[in-house]
Amino acid sequence: MPDKHKALEGSRKRIDEIDEQILDLLAERAGVVKNVIKTKVENQLPVFVPKREEEKSESFKKLAKEKGIDPEWAEDFLRMIMTSSRDKQSQEKFPTATTEPRHILYIGGEGGMGKLYKKITEQTGHIAYSIDKSNWYQLEELAPNLDMVIVTVPIQITEQVIGRLKGRLKRETILADFTSNKSAPIQKMLEAHEGPVVGLHPMHGPDVQNLSKQLMVFCPGREAEKAQWFVEQCELWGMRVIQADQDKHDHVMHMVQGLRHFVALLHGSFMEEYDLKPSDMLEYSSPIYRAEMMMTGRIFAQSAELYADIVFANEERRDLLLKFFSHHQKLAEMVKANDREGFIKEFEGVTDFFGRFATQALNESGYLINRLADRFA
């Protein structure tokens, strides 16, 4: 070791000792979390308690500032610890929203979402069943005991599968679906089942570590109050639940899912056409473009059939895409005409439309970009 580095040996040794002490404290904290899990299950308390986390974060930031530590960094550190704690809690038994276990059938239970929710349902103490093409015959035997049936199959066969349930469920059974479209499946469920009907949309994929802080959209169909126990169960799993009108939900989803995924295809397809390899582009990319590339690239790491089903889900979504292309052509005329002033006017108009959200987006994206650059640069 060069002489100029020897002066650091003592400090580096002490840093290593402190780092080990930090890990020891985190291990001790994890042990306390086990007791928290036990208490939450015994007292039917949710995994995620927003008020507690916010109060904890604020007090932690204040304490950090008093000790000369950057409070924003301290909050990041604490939130990573709390995320790990929630993940640990989600590997154990969950509190249940009902005094007696409910019988829940997942149709399509061998798919990603079906497996995830079936596992969590069983961890909670409810009784979960799974039916797919290979064991559809079991429905007749299971039906008399079912409190809830959740259809979680690909979009293009959802209505067909719902149709096969007609007359096969007892009236008290709640019929629900996990499809990202809500209006058509809810209408089909109302036709196929005379009992309670709700539309559910988990706003996450099957690869999440746990359900805490994930969003569940709840769209009433018929006698939705009968499914209140499931709403409460989602909250005990740590989820955020919002109630939404089915038509408004679908209108927003056309943009959130259909258009966004097609734009990703445009981006990727153009890169392929001009041989713009991701690895080459990342060499010269800013952190923000790297973030955009990651969001585009993650789509192409998944199923083409899944995204085709989302993009071509229904006529209204396809109409929106056609309107998007027409609008795109209108903006393309600015480029053809070298209309710089027109570009500025359009840009400023969109700025006014976004309003305060633009500032919020600048702050939140800045946070993501800085963390991404620090972790993967």
Subject >> Range of Cα positions in the chain per principal axis (Å), largest first >> reply: 83, 68, 38
**OP:** Can you tell me the dipole magnitude for region 168-278 around its Cα centre, using point charges on the Cβ only (Lys, Arg +1; Asp, Glu -1), in Debye to the nearest 20?
**Re:** 200
Subject >> Dipole magnitude of the chain about its Cα centre (Cβ charges: Lys, Arg +1; Asp, Glu -1), debye to nearest 20 >> reply: 640
**OP:** Using the charge dipole of the chain (Lys, Arg: +1 at Cβ; Asp, Glu: -1 at Cβ; taken about the Cα centre), state which of H126, A176, L139 has its Cα farthest towards the positive end.
**Re:** H126
**OP:** Counting helices only, and only those DSSP H runs with n ≥ 4, report the 222 nm mean residue ellipticity of the chain as the sum of -39,500 (n - 2.57) divided by its residues, in deg cm²/dmol to the nearest 500.
**Re:** -19000 deg cm²/dmol
Original post:
Can you pull the Rg over Rh of region 9-89, Cα-only, Kirkwood?
Top reply: 1.05
Original post:
Say we join alpha carbon atoms closer than 10 Å with springs in a Gaussian network model of the chain; which of A128, A304, A358 then has the biggest fluctuation?
Top reply: A358
**OP:** May I ask you to compute the full-extension gain from K115 to R240, defined as 0.36 nm times their residue separation minus their alpha-carbon distance, rounded to one decimal in nm?
**Re:** 43.0 nm
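Throughout, read-outs are computed from the coordinates displayed, never taken from laboratory work. Here the structure is a predicted model, which means the values were calculated and not measured. Cβ atoms come from the backbone with ideal geometry, glycine included; neighbour counts cover every protein chain shown.
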